[in-house]
Amino acid sequence: MTTANLDRAAQEQTDRGRTDQEQTVQDGQAVTGQRTIDVRGLSKRYGKLEAVRGITFEVKRGEMFGLIGPDGAGKTSTFQILAGVMEATEGSASILERPARDMRSQTGYLTQDFSLYPDLTVAENIRYSGDLRLIPPDEIAERSLQYLKMFDMDRFADRLAGQLSGGMKQKLALVCALVPQPKVLLLDEPTTGVDPVSRREFWDALAHLTAEGLTILVATPYIESPLYTWAKSSRSARRQSYARVWERSESNFARRT
């Protein structure tokens, strides 16, 4: 084959890849047409400290949307407003076209710090979390087994949470957030301090969940996060979830003085 033919073949392959990627995006938009999270001009001040300054973004159904920013940029404050545990100073935050505070029953929130009970077993923590959301016991048991198997943790159901590794603790916290089957999942730096293998398993599970229609908002300070990689690369058949990354520098999120 001549050099010209090789160049032509390479160009055709590139064009096909671009077309496939554009079609995947179009398919993703068709599947994720419903606006699930809508943030408009959101600001949060603590006295004279401006933690969040006029941010605006939206996330559609089945999307994994990432907020990448340095520590202290206001990511956690944004998440707390979306989780309905704190009011904004200005602007609005809505979930499924209703104020975020009214949609707490449809929102799962995984905080930075491990907030479960170390002296309870894995199964007891899950059951307790389900009881708080008024989930019937039989459904708690069924969903618990489903998600524990997803994370390969079903054999650790009787282990105390305090005896789990860092990665397993994060997986347990995610299972507890998923048992009520929320429409939106907020993950505040979910893989900080987690080993690389567990981190990869965690991200793969999130991709599977978005493919099933769950809307996920992730905060991370890591530019090398798999979320960033997914958003910058072409979508593969295995990765049918639609991922976007919203990068914000510290000065854009909020001014520090």
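Laboratory data are not the source of any read-out in this text; all were calculated from the coordinates shown. Because the structure is predicted, anything quoted here is derived from the model rather than measured. Cβ atoms come from the backbone with ideal geometry, glycine included; neighbour counts cover every protein chain shown.
Straight-line cross-link partners of residue 48 among the lysines, defined as a Cα under 25 Å from its Cα and at least 8 positions apart when in the same chain: 75.
Sorting 87-97, 206-216 by their mean Cβ neighbour count within 10 Å, with the most densely packed peptide first, gives 206-216, 87-97. For the stretch 32-253, the fraction of C-alpha pairs farther apart than 25 angstrom is 38 percent.
3J(HN,Hα) couplings calculated from phi for the stretch 55-60 with the Karplus curve 6.51 cos²θ - 1.76 cosθ + 1.60 (θ = phi - 60°) are, in sequence order, 8, 9, 6, 9, 10, 8 Hz; Gly and Pro show x. Computed from label points 7 Å out along Cα-Cβ, the spacing between residue 152 and residue 34 is 3.3 nm. Each peptide in 41-49, 108-116, 65-73 was scored by the mean count of other Cβ atoms within 10 Å over its residues; highest first, the order is 65-73, 108-116, 41-49.
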